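Here is the structure we will look at.
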């Protein structure tokens, strides 16, 4: 009996020693895993994470995805348009090149073109006035005879307001109307001017502007975030990102955005930006024309018609951009 108890005691002590050795090995392995985890990029952050929308509430220091999607194949930053388009209806529209202005240099009058044949033919006119405009930052047409432009003028390239009531036969300066207008001056793209006055933009660089009323408007920023205001720019919403966005227009209580680089659209995609931060834009249609030249796409909504100008192509849609 004593021999049996001694054998049982020896086996018990051996099992305890094995247990201690096993626990020690587990601890060493666990410490090694912890050290490895601390020296690598955490999953779900930085390069491992899908890029989220950029807005005024985005986390500071967030990094872009290391694997951009097909819709992000376009340039990182959008640029101000080199051309402007203002649609009146399905037949009538006005257009212009943005032009250039150099302080101290002699101004070259910008040229506007108008059509009443859905873009088949265009009639040119020079915006030549006493204040000497040399570029166009905003173009707005009312009908086939009336349109105005806001753009740099004179030796200082300060913003000026010029208008025609004769289809371009003559233009005149209306400096008093400048203060009551929406525009973004090319010399200060961080400020949005509305009828309420100059207001800080929701981003450092605004590339396009869409106007609904004296108080309501929207801006597209260079990082392709679209922001809305309901009080003339005093406050802005959180903003929503529209991948590949290059131009924006207002259309009957909503906004439409033209985008390039969409995987399922070989031309220019037209979408309605979401009013909910972080939500994707709703695709309306795909126009069969586009441009690889930055700034060379313009979108404008008129009465019962949406126009797109891309390179040499001018397209008109009468169903809100679904078909062209």
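A short reminder: the numbers here are calculations on the coordinates, not readings from a lab. If you're wondering where the values come from, they're calculated on a predicted model, not measured in any experiment. Positions of Cβ are backbone-derived with ideal geometry, glycine not excepted, and every protein chain shown enters the neighbour counts.
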Cα-based equivalent ellipsoid, the stretch 207-324: semi-axes from gyration tensor eigenvalues, Å: 22, 15, 13
Theoretical gain in end-to-end length, residue 282 to residue 117 [0.36 nm per residue, Cα-Cα removed]: 56.3 nm
Overall Cα dimensions of the stretch 72-317 - principal axes, largest extent first, Å: 48, 40, 31
Protection proxy ranking of 273-282, 109-118 - average other beta-carbon atoms within 10 Å, highest first: 109-118, 273-282
Ranked 143, 312, criterion: other C-beta atoms within 10 Å, fewest first: 312, 143
Burial order of peptide ranges 318-324, 155-161 (average beta-carbon count within 10 Å, highest first): 155-161, 318-324
Distance histogram for the stretch 154-278 (every C-alpha pair counted, 10 angstrom bins, percent rounded to whole numbers): 13, 39, 31, 15, 2
Two-site label geometry, residue 170 and residue 318: point separation in nm, points 7 Å out along Cα→Cβ: 3.7 nm
Rel. contact order, % - alpha carbon contacts under 8 angstrom, at least six apart, the stretch 139-262: 13 percent
Projected label distance in nm at residue 266 and residue 252, using a 7 Å step from Cα toward the beta-carbon: 3.0 nm
D (Stokes-Einstein, µm²/s), Kirkwood Cα radius, the stretch 119-191, 1.567 mPa s at 4 °C: 102 µm²/s
